There are 2 protein chains.
Amino acid sequence: MNSHSQGCYLGVLGGMGPMAGAAFALRLAALTPAAVDQQHIPTLLRNDPRIPDRSSAHMAGGESPLPYMVEGVRFLEQSGAQLIAIPCNTAHLWYEQIAAATRLPVLHIIQAVIDDLRRLGLPRGRIGLMGTAATLKLGLYQQRLQAQGYDCVVPDEDEVERYCMESIRAVKANRLEDAYAPAAECIVRLRARGADAVVLGCTELPLAVPHALRPSLGVTLTDSIDALALAAIGHYQADRERERIAA
Amino acid sequence: MNSHSQGCYLGVLGGMGPMAGAAFALRLAALTPAAVDQQHIPTLLRNDPRIPDRSSAHMAGGESPLPYMVEGVRFLEQSGAQLIAIPCNTAHLWYEQIAAATRLPVLHIIQAVIDDLRRLGLPRGRIGLMGTAATLKLGLYQQRLQAQGYDCVVPDEDEVERYCMESIRAVKANRLEDAYAPAAECIVRLRARGADAVVLGCTELPLAVPHALRPSLGVTLTDSIDALALAAIGHYQADRERERIAA
C-alpha cells in the first residue's frame with residue numbers, strides 16, 4: 001500500500017436528504033473526466049439523515065441542525081478530508097458557522113450555482129429561483145445573485161408551498177413519480193415571468209426533474225447538485241495542477 | 001444532540017468502481033420505506049477508487065487490493081459502522097479474508113443476489129451469469145448457485161470479453177452511452193440458451209442497463225446493486241424489530 005491510500009478525500013456532509021447526498025456522489029463520478037476507477041476523486045460521504053430538518057429549524061423553531069453539521073464536518077476532517085461539500089442548499093443558511101468550525105475549505109453551493117450560470121453563458125440576467133421556503137424567504141440566493149449583478153424572479157409563498165415544497169417532500173418520501181409535475185409547473189411559471197434561467201436550488205429538485213426531461217421545459221436550468229459537483233472537480237483539478245507544477 | 005447522532009452506520013466499502021458505490025447509496029435510499037429524511041438508514045460511504053483493480057490482481061498478477069479493502073473496512077468499523085456492504089462482486093473473491101478482519105457482519109453480495117432470485121419467484125432454475133472475467137472464471141456465482149439448487153448458464157470467454165468486460169469498461173470510463181448495447185447482447189444470448197433469469201453480477205452492469213429499459217429485454221434480471229441494498233435494508237429492519245421487542 002502506498003501513502004495515497006489514506007486521506008486526500010473530498011468530504012461530503014450528506015443526508016440532507018439522503019437521496020441528494022447519494023446523487024451528489026453519483027453525479028461527481030459521472031462528471032469527472034476519468035478513464036479508469038483510479039482517476040476518480042476519492043470521496044467520503046457521511047450520508048446521515050438524522051440531522052434535524054433545516055427548514056423546520058429556521059421556519060418553525062425546531063431543533064438546530066448546526067451542532068450535528070459541525071460534528072459531521074469535524075468527523076470528515078479527522079478522517080482525512082481535504083475539502084468539504086454540503087449537498088443541501090438550506091444547510092448553507094449556517095455556512096459561516098460551519099466554515100468557522102473547520103480548517104478545511106468548504107465549497108459554497110450558492111456560489112457554485114452562480115459559477116454554473118456563467119458557464120452556461122449567463123453572466124447576467126433574470127434568474128428564477130426554486131428552493132425550500134426557508135432558502136427563499138431568507139434570501140440565500142437573492143443576496144449573492146444581486147451582489148453579482150443578477151435580477152431574481154421568486155415564486156410567491158403559495159407557489160413555494162404548492163410547487164417547490166410539494167416536489168421536495170415527494171422526493172424525500174421516495175415518491176419520485178409525484179415530484180415532477182409540481183416542479184415543472186413552477187419552472188414554467190418562472191419562465192413566463194421572464195426568467196432567463198431557473199435554479200433548482202434545493203438538492204431534492206434535480207431528482208424531481210430528471211436530466212432527460214429538462215430540454216422540454218424550454219428554459220436553461222442550473223442544477224445545484226451538478227453545480228456543486230463541478231465546483232469540487234474544479235477544485236481537485238486546480239490542486240493537481242499545483243502539485244504538477246511544484247513537482 | 002442525542003446519542004443517535006453518532007455511530008449506527010451502514011458502512012459501505014465503495015470505489016470499486018466509484019459510480020457503483022454511489023449508485024448503491026442512491027438505490028439504498030430509493031428502496032428504503034421512508035416518509036422523511038430521518039427514517040432513512042445512516043450510511044457512511046468510503047468511495048475510494050484508489051483500491052487496485054480486483055480483476056487485474058486475480059487475472060494478471062497485479063497488486064492485491066486486499067490490504068486496501070481491509071484498511072477500508074477497519075476505518076468504517078472505527079467510524080461507527082455496525083454492518084458492512086461492499087458493492088463490488090469481484091471484491092467478494094476476498095470475502096473470507098475481509099470478513100475475518102472485522103468483528104462486524106459483512107453482507108455477501110452473491111448471497112444477496114440469490115435471495116433476490118427467490119424474492120423474484122425463482123427458488124430454482126437456470127440462471128444466466130454476467131460479470132467480470134475473474135468473477136466468472138473463479139466460479140464466484142456458480143459455486144453458491146449450484147449449492148443452492150440452481151443451474152448456471154455462463155457466457156464463453158470471448159463473450160465475456162466482448163459483452164461483459166466491454167460494457168463494464170465503458171461504465172468505469174463514464175461512457176454510459178456505449179455500455180448498454182454489449183450488455184443487452186449478452187442478456188439476449190443467455191436468454192436464448194434457456195436462462196430463466198440473468199444476474200447483473202458486476203456492480204457496473206446495473207448502470208449499463210437502466211431500469212427503464214429492462215422490461216424490453218424479455219427475461220427476469222437481478223441487479224447486484226439492488227439486491228445488496230435490499231439485503232442491507234432487511235438487516236436494518238430486523239435489527240429495529242429486535243430493539244422494539246427488547247424495549
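The values are calculated or read from the model by the stated rules, or taken from the named source; none is laboratory data. Just so it is clear, the structure is predicted and the values come from calculations on it, not from any experiment. As a convention, Cβ positions derive from the backbone with ideal geometry for all residues, glycine included, and neighbour counts pool all protein chains shown.
A few notes on this one:
- Selected residue [more than 23 Å from A:V36 (Cβ to Cβ), polar (S, T, N, Q) and without any contact (Cβ under 8 Å) to a residue 60 or more places away in the chain] from B:Q38, B:Q111: B:Q38
- Flag for A:Y141 being under 14 Å from the mean Cα position of the chain (by Cα) and surrounded by 18 or more Cβ atoms within 10 Å (Cβ to Cβ): yes
- Residues (part of a helix (DSSP H, G or I) and of a type outside the set (A, V, I, L, M)) located in the range A:169-204: A:R169, A:K172, A:E177, A:D178, A:Y180, A:P182, A:E185, A:C186, A:R189, A:R191
- Considering A:P210, A:P215, the condition of being without any contact (Cβ under 8 Å) to a residue 12 or more places away in the chain and either in contact with a Lys or Arg (Cβ under 9 Å, 6 or more places away or on another chain) or of a type outside the set (A, V, I, L, M, F, W, C) (or both) is satisfied by A:P215 alone.
- A:M59 vs. criteria in contact (Cβ under 8 Å) with a residue 40 or more places away in the chain, out of contact with any Gly (no Cβ under 9 Å at 6 or more places or on another chain) and under 21 Å from B:F24 (Cβ atoms): no
- Top-ranked residue of the range B:137-153 - restricted to ones that are in contact with a helix residue (DSSP H, G or I) (Cβ under 8 Å, 6 or more places away or on another chain), of a type in the set (A, V, I, L, M, F, W, C) and over 16 Å from B:E185 (Cβ atoms), ranked as modelled with the lowest pLDDT: B:L138
- Test result for A:D156, touching a helix residue (DSSP H, G or I) at 6+ places or on another chain (Cβ under 7 Å), modelled with pLDDT of 95 or more and either among the charged types (D, E, K, R) or closer than 18 Å to A:S224 by Cα (or both): no
Residue by residue, here is whether (1) at pLDDT below 95; (2) not in a helix (DSSP H, G or I) holds:
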residue: B:A212; (1), (2): yes, no
residue: B:L221; (1), (2): no, yes
residue: B:I225; (1), (2): no, no
residue: B:G234; (1), (2): no, no
residue: B:E243; (1), (2): yes, no
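- Criterion: touching a Gly at 6+ places or on another chain (Cβ under 9 Å) and surrounded by fewer than 20 Cβ atoms within 10 Å (Cβ to Cβ) - qualifying residue of A:D156, A:D151: A:D151
- Sole exception among (1) assigned by the TED database to the domain that holds A:D115; (2) in contact with a Ser or Thr (Cβ under 8 Å, 6 or more places away or on another chain); (3) under 22 Å from A:N47 (Cβ atoms); (4) outside any loop (DSSP other than H, G, I, E, B) for A:L207, by number: (2)
- Scan of the range A:223-247 for residues that are more than 21 Å from A:L10 (Cβ to Cβ) and buried (at least 24 other Cβ atoms within 10 Å of the Cβ), ordered by number: none
- Boolean, A:E166 is closer than 20 Å to B:A35 by Cα, at pLDDT below 95 and either in contact with a Gly (Cβ under 6 Å, 6 or more places away or on another chain) or assigned to a helix (DSSP H, G or I) (or both): no
- Selection status of A:A23, of a type outside the set (S, T, N, Q), buried (at least 18 other Cβ atoms within 10 Å of the Cβ), at the interface with another protein chain (Cβ under 9 Å from one of its Cβ atoms) and within 30 Å of B:G62 (Cβ to Cβ): no
- The number of residues in the range A:37-95 being hydroxyl-bearing (S, T, Y), closer than 23 Å to B:M16 by Cα and either surrounded by fewer than 23 Cβ atoms within 10 Å (Cβ to Cβ) or more than 9 Å from chain B (Cβ to nearest Cβ) (or both) comes to 1.
- Matching option when the condition is in contact with a Gly (Cβ under 8 Å, 6 or more places away or on another chain) and either closer than 20 Å to B:A91 by Cα or modelled with pLDDT under 95 (or both), among B:L176, B:L205: B:L205
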